[in-house]
Ligand code: 7PJ
């Protein structure tokens, strides 16, 4: 899953037109690089970031969704607002990626109204404005597991079939460095929930905290983290660097395939 941020550049007076064109060009690059799905977001959810109105978010993301409709690439919309979900689905989005796990009033209904879009339910403690102030857990893995289980139940009770759901532990969303690495190490615990796992680690501060690299120089860390997440069971990785991630994962897949062939060969030898 390639990341497309549509946030107006405050230094350019081109306003929405400029950021729309930039986002579309970036999306086309990620398609060339072989992204399987693009995640388009018009509101930053980084720690301490400010919220924007639904109108502003729509002005940012809808033109990008519309411009990419004829590329045929599956499009995900990164939003927590029901109004944005509905308009994005109408504009062709096939996945709602909600860091708030459909907890906003009206969000469950907005998704239940369409009977095909996928939904990513992500764990977050607190809100982006305050979440990194003092995150606390007794047992991070258990609590993330329980939260996701409850959100799966809420979604299915609202009429969203379980096979439309994806879950995400929400790396960096109300978690200390220790919490984040414990979650990564125990990611496989979430597989029992019976829903595909998505992981977003790309360029996050938990990576820079280890190597000391600034956000624009965390590609090696991001590749390592994506690979580890997949080894631990993630089915989708949300990344900025599509080519590098795909090449790293190709090596993992080659190893997995050889193991599968060995098993096949020994089974047919016995027959
Ligand atoms: C995530 C996300 C993530 C999902 C962001 C950033 C912060 N959506 N949106 N999972 N992170 N599902 O990319 O640094 O981890 S925004």
Among the residues of region 190-218, write down those that are in a loop (DSSP other than H, G, I, E, B) and either closer than 27 Å to residue 118 by Cβ or within 15 Å of the ligand (Cβ to nearest atom) (or both).
194, 195, 196, 201, 202, 203, 204, 213, 214, 218
Check whether at least one residue in region 255-271 is part of a helix (DSSP H, G or I), at pLDDT 95 or above and touching a helix residue (DSSP H, G or I) at 6+ places or on another chain (Cβ under 8 Å), and report yes or no.
no
Taking only region 114-137 into account, find how many residues are in a loop (DSSP other than H, G, I, E, B) and either within 16 Å of the ligand (Cβ to nearest atom) or surrounded by 14 or more Cβ atoms within 10 Å (Cβ to Cβ) (or both).
14
Just wondering, is there one or more residues in region 3-17 that are more than 14 Å from the ligand (Cβ to nearest atom), assigned to a loop (DSSP other than H, G, I, E, B) and surrounded by 16 or more Cβ atoms within 10 Å (Cβ to Cβ)?
yes
Only residues that are more than 13 Å from the ligand (Cβ to nearest atom) and not in a loop (DSSP other than H, G, I, E, B): list them for region 163-189, please.
163, 164, 177, 178, 179, 181, 182, 185, 188, 189
For the list (1) away from the ligand (no atom under 14 Å from the Cβ); (2) within 26 Å of residue 142 (Cα to Cα); (3) under 17 Å from the mean Cα position of the chain (by Cα), I need the number of the one condition that residue 88 fails.
(2)
For region 219-233, name all the residues that are outside any helix (DSSP H, G or I) and loosely packed, with under 15 Cβ neighbours inside 10 Å.
233
Restricting to region 39-51, name every residue that is part of a loop (DSSP other than H, G, I, E, B) and either out of contact with any helix residue (DSSP H, G or I) (no Cβ under 9 Å at 6 or more places or on another chain) or surrounded by fewer than 16 Cβ atoms within 10 Å (Cβ to Cβ) (or both).
44, 45, 46, 48, 49, 50, 51
Given the criteria closer than 30 Å to residue 250 by Cβ and in contact with a helix residue (DSSP H, G or I) (Cβ under 8 Å, 6 or more places away or on another chain), does residue 62 qualify?
no
In region 29-60, what count of residues is obtained for those that are more than 28 Å from residue 206 (Cα to Cα) and within 15 Å of the ligand (Cβ to nearest atom)?
1
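The values are calculated or read from the model by the stated rules, or taken from the named source; none is laboratory data. This structure is a prediction, so every number in the text was calculated from the model and none was measured. Don't worry about glycine lacking a Cβ; one is built from the backbone with ideal geometry, like all the others, and counts go over all protein chains shown.
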